[in-house]
Each structure stands twice: as structure tokens, then as C-alpha cells.
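Asks: Questions regarding the structure given below will be posed in turn.
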Amino acid sequence: QVQLVESGGGLVQAGGSLRLSCAASGGTFSSYTMAWFRQAPGKEREFVTVIRPSRTTRYADSVKGRFTIFRDNVKNTVYLQMNNLKPEDTAVYYCASKYGEVVGTEGRQYDYWGQGTQVTVSS
């Protein structure tokens, strides 16, 4: 059983930066596709970014050029560096994992989820 614990959320002004972390336990971390999703109030959960065991990545158009996903297979942690934050980035951010190399842009592909961390960007 894989467990995911997110941290690093908070309140930041527009244009600021935050780094989210997702610490994984219970599996061979390096073999998992890891992703970040987010859900804003009143909206559906949406894909943000994914990093696969091969370290290939993909980003939603809305965050491309501002967000970076990277992983540390020694620390069993995936990170989301968020720069130039905008009020529309305000959401609960969730970490997700799936064993193996998958496309990973849809939530239904994932087996494990963290509890979420709140990111609020003020204008």
C-alpha cells in the first residue's frame, strides 16, 4: 500500500512562488508515475503535471513555463515548483501515483492519492 503525503501549500501573492512536496512510502518509488492534480472550489479536478519513471514530463497548458515537476528517487519525493503564481492557480493540490510508465494525464489512471494541500494566491 502506497501512502502519499503532500506539504508546502500556503498563501502567496500573485507573482510569487511555492514548492510543493509529496513524500511517498510503501512502494518502489522509482517505478511509479507521479502526478499533480488540482481542484478549485466549484470546479472539477484537473491535471497539472506528470513525471514518469523515465523522467519524461508533461504539463497542462495553463501551467507550462511556470511550473516544474521533478523527483528525487533517493528521498522518495516528487516536487512541484510553482513560479509566477496567479490567482487562478488557487486550488487544493493533490499528488497521485501509479505503478509503471503511463500517460498519466487522467485521474482515473491513478491508484493512490494524497490528502491534498491548499494553495491560495491573492491578487
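The values are calculated or read from the model by the stated rules, or taken from the named source; none is laboratory data. Everything quoted here is computed from the prediction, not taken from an experiment. Quick reminder, even Gly has a Cβ in these numbers, built from the backbone with ideal geometry, and neighbours come from all protein chains shown. Quick note on the areas: whole protein, heavy atoms, side chains included, nothing else; ligands and nucleic acids left out. Shrake-Rupley method; radii C 1.70, N 1.55, O 1.52, S 1.80 Å.
Asks: Residues in region 44-55 that are assigned to a loop (DSSP other than H, G, I, E, B) and either under 14 Å from residue 86 (Cα atoms) or touching a residue at least 12 places away in the same chain (Cβ under 8 Å) (or both): how many?
Replies: Going through region 44-55 one residue at a time, the tally reaches 5.
Asks: Let me ask you something else. Please specify each residue of region 1-20 satisfying the condition of being of a type outside the set (Val, Ile, Thr) and surrounded by 17 or more Cβ atoms within 10 Å (Cβ to Cβ).
Replies: 4, 6, 9, 18, 20
Asks: While we're here: Restricting to region 56-92, name every residue that is touching a residue at least 60 places away in the same chain (Cβ under 8 Å) and touching a Cys at 6+ places or on another chain (Cβ under 9 Å).
Replies: 79, 80
Asks: Does residue 46 meet the test of being at pLDDT 95 or above, surrounded by fewer than 22 Cβ atoms within 10 Å (Cβ to Cβ) and in contact with a Lys or Arg (Cβ under 9 Å, 6 or more places away or on another chain)?
Replies: yes
Asks: If I filter region 21-32 for residues that are more than 20 Å from residue 111 (Cα to Cα) and surrounded by 17 or more Cβ atoms within 10 Å (Cβ to Cβ), do I get at least one hit?
Replies: No; the residues of region 21-32 include none that is more than 20 Å from residue 111 (Cα to Cα) and surrounded by 17 or more Cβ atoms within 10 Å (Cβ to Cβ).
Asks: Let me ask you something else. Being open to solvent by 50 Å² or more (accessible area, probe 1.4 Å) and over 20 Å from residue 110 (Cα atoms) is the filter here; which residues of region 69-94 pass it?
Replies: 74, 75, 83, 84, 86, 87, 88
Asks: Just the residues that are farther than 19 Å from residue 89 by Cβ and either free of Cβ contacts under 8 Å to residues at least 40 places away in the same chain or over 15 Å from the mean Cα position of the chain (by Cα) (or both), please, taken from region 13-28.
Replies: 25, 26, 27, 28
Asks: A further question follows. Here are some conditions: (1) over 24 Å from residue 123 (Cα atoms); (2) free of Cβ contacts under 8 Å to residues at least 24 places away in the same chain. Residue 98 meets all but one. Which one does it not meet?
Replies: If we test residue 98 against (1) over 24 Å from residue 123 (Cα atoms); (2) free of Cβ contacts under 8 Å to residues at least 24 places away in the same chain, just (2) comes out false.
Asks: (1) out of contact with any helix residue (DSSP H, G or I) (no Cβ under 7 Å at 6 or more places or on another chain); (2) closer than 14 Å to residue 90 by Cβ; (3) modelled with pLDDT of 95 or more; (4) not acidic (Asp, Glu): which one isn't true of residue 41, the others all being true?
Replies: Result: residue 41 passes all but (3).
Asks: Continuing with this model, one more query. For residues that are more than 15 Å from residue 31 (Cβ to Cβ) and among the aliphatic types (A, V, I, L, M), scanning just region 50-68, find the one that is least open to solvent (accessible area, probe 1.4 Å).
Replies: Filtering region 50-68 for residues that are more than 15 Å from residue 31 (Cβ to Cβ) and among the aliphatic types (A, V, I, L, M), the one least open to solvent (accessible area, probe 1.4 Å) comes out as 63.
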